[in-house]
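Right, one structure below, let's go through it.
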Amino acid sequence: AQSVAQPEDQVNVAEGNPLTVKCTYSVSGNPYLFWYVQYPNRGLQFLLKYITGDNLVKGSYGFEAEFNKSQTSFHLKKPSALVSDSALYFCAVRDDTGGFKTIFGAGTRLFVKA
Amino acid sequence: NAGVTQTPKFRVLKTGQSMTLLCAQDMNHEYMYWYRQDPGMGLRLIHYSVGEGTTAKGEVPDGYNVSRLKKQNFLLGLESAAPSQTSVYFCASSLGGGGYGYTFGSGTRLTVV
């Protein structure tokens, strides 16, 4: 069965510092991995995805994520955080065995302090 | 370019009442989904559809029904609302399965009293 874990409910970082939001996953086949961001009172917005190829994936707003197959992780990163990055971040996974469903993590709230 | 549109945005229901949430997408996406979002639980899949005329159950389908009579619309029905169905409901669509990401609507905040 598919599952996604985001071990941190909240991440606090100072503006200008690098940030990491952690995600680990479990799937039967090969994973398709996604990150989404949710701003207050809004729907989720797609940030980036990993399907195959380079382990470092670049996405919107300067975010990137690193796929690590041996550690079954897909951590979201940004070299220099902005106050406007403060939001709720969701990791999601789907496997390549023909399933139609994407499983979402519980979310990690990111606070960037000026 | 509207993307995914959900109506209504807010609703308060009394226990036992029924209602239908509407989702419309203008991107010609094949797949559509209904999720509910509850604090600390992330998004849980209620029902989904992989094409016009098809529907399937997700993780938490009890108490909900869906219909996909037209490709662009996906309706979520609550036949007899319960307080446990108080939640924020999100509709999403995707071009297909596999590596396609989702486009989400802005959500419907439902309170059942």
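Values quoted throughout were computed directly from the atomic coordinates according to the rules given, and no laboratory measurement underlies them. None of these values were measured; they are calculated from a predicted model. Every residue, glycine among them, receives a Cβ derived from its backbone with ideal geometry; neighbour counts consider all protein chains shown.
Please list 3J(HN,Hα) in residue order for the stretch A:83-89, calculated via the Karplus relation 6.51 cos²θ - 1.76 cosθ + 1.60 where θ = phi - 60°; whole Hz, with x for glycine and proline.
Whole-Hz 3J(HN,Hα) from phi for the stretch A:83-89: 4, 5, 7, 4, 4, 9, 10.
Might you report the magnitude of the Cβ-based charge dipole of chain B about its Cα centre, with Lys and Arg at +1 and Asp and Glu at -1, to the nearest 20 debye?
The dipole of chain B has a size of about 240 debye.
Along the principal axes of its C-alpha atoms, what lengths does the stretch A:4-114 span, in descending order and rounded to whole Å?
If we take the Cα atoms of the stretch A:4-114, the spans are 44, 29, 23 Å.
Apply the Karplus parameterisation 6.51 cos²θ - 1.76 cosθ + 1.60, with θ equal to phi minus 60°, to every residue of the stretch A:58-70 and state each ³J(HN,Hα) to the nearest whole Hz, in sequence, with x for glycine and proline.
9, x, 6, 6, x, 7, 9, 9, 10, 8, 10, 5, 5
Taking other Cβ within 10 Å of each residue's Cβ, how do A:Ile103, A:Ile51 sort, fewest first?
Least crowded to most crowded, the residues run A:Ile51, A:Ile103.
How far apart, in nm, are the 7 Å Cα→Cβ label points at B:Met27 and A:Asp9?
If labels sit at B:Met27 and A:Asp9, their model points lie 3.2 nm apart.
Exposure proxy check: A:Asp85, B:Asp62 ranked by fewest other beta carbons within 10 Å?
B:Asp62, A:Asp85
Towards the positive end of the charge dipole of chain B, with charges on Cβ (+1 Lys, Arg; -1 Asp, Glu), say which of B:Ala81, B:Met41, B:Asn65 has the farthest Cα.
B:Ala81
Averaged over B:35-45, how many beta carbons belonging to a partner chain fall within 10 Å of each residue's beta carbon?
Average per residue, whole number: 4.
Can you find, among A:Thr102, A:Ser73, A:Leu44, the residue sitting farthest towards the positive end of the charge dipole of the protein assembly as shown, where Lys and Arg contribute +1 and Asp and Glu -1 at Cβ?
Positive-most Cα among the choices belongs to A:Leu44.
Shielding by partners for B:87-98, please: the mean number of other protein chain Cβ atoms within 10 Å of each residue's Cβ.
3
Note down the nm distance, to one decimal, between modelled labels 7 Å out along Cα→Cβ at A:Phe111 and at B:Met19.
Placing both labels 7 Å along Cα→Cβ, they lie 3.2 nm apart.
If you count, for every residue in B:100-110, the Cβ atoms of partner chains within 10 Å of its Cβ, what is the mean?
Shielding by partners across B:100-110 averages 5.
Quick check on packing: order B:23-29, B:97-103, B:36-42 by the mean number of other C-beta atoms within 10 Å, highest mean leading.
Highest to lowest by the protection proxy: B:97-103, B:23-29, B:36-42.
Determine, for A:Phe46, B:Phe10, the number of other Cβ atoms within 10 Å of each Cβ, and report the residues in order from fewest to most.
B:Phe10, A:Phe46
What's the Kirkwood radius of chain B in Å, using all Cα pairs?
In chain B this quantity evaluates to 13.9 Å.
Quick check: pseudo-label points 7 Å beyond the Cα along Cα→Cβ at B:Asn65 and A:Asp96, how many nm apart are they?
4.0
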